[in-house]
Amino acid sequence: QNYLDNFWPDLKAAHELSDSILQARRERESESQENNGKEYPEHLPVEILEAGIKSGRFIQGTLNVNKHRAQLEAFVRLQGFGSKETG
């Protein structure tokens, strides 16, 4: 911001871009603080997930994603099942 103020005071587009970046950064930092430092907010509270797993409503597994075709190939390996059973 200081560089723009000192060397490019009349370059309005650059000042607007700088302000926009600073605002986005502040919003992301405040969201991170609201989420206790977690990058993504939880979809459901942990208690509900644990209850759903115990009741059989939810299943627990490991998501495996093909790093070369991440948009197209992924599968879930279910815990407690044989290594060949996937969903």
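None of the figures in this text is laboratory data; all of them are computed from the coordinates on show. Everything numeric in this text was worked out from a predicted model, so none of it was measured.
A few notes on this one:
- Stretch gain in nm, segment S20-A51, where the contour uses 0.36 nm per residue and the Cα spacing is subtracted: 6.9 nm
- Added length on full extension, which subtracts the Cα-Cα distance from 0.36 nm per residue, L4 to R69: 19.2 nm
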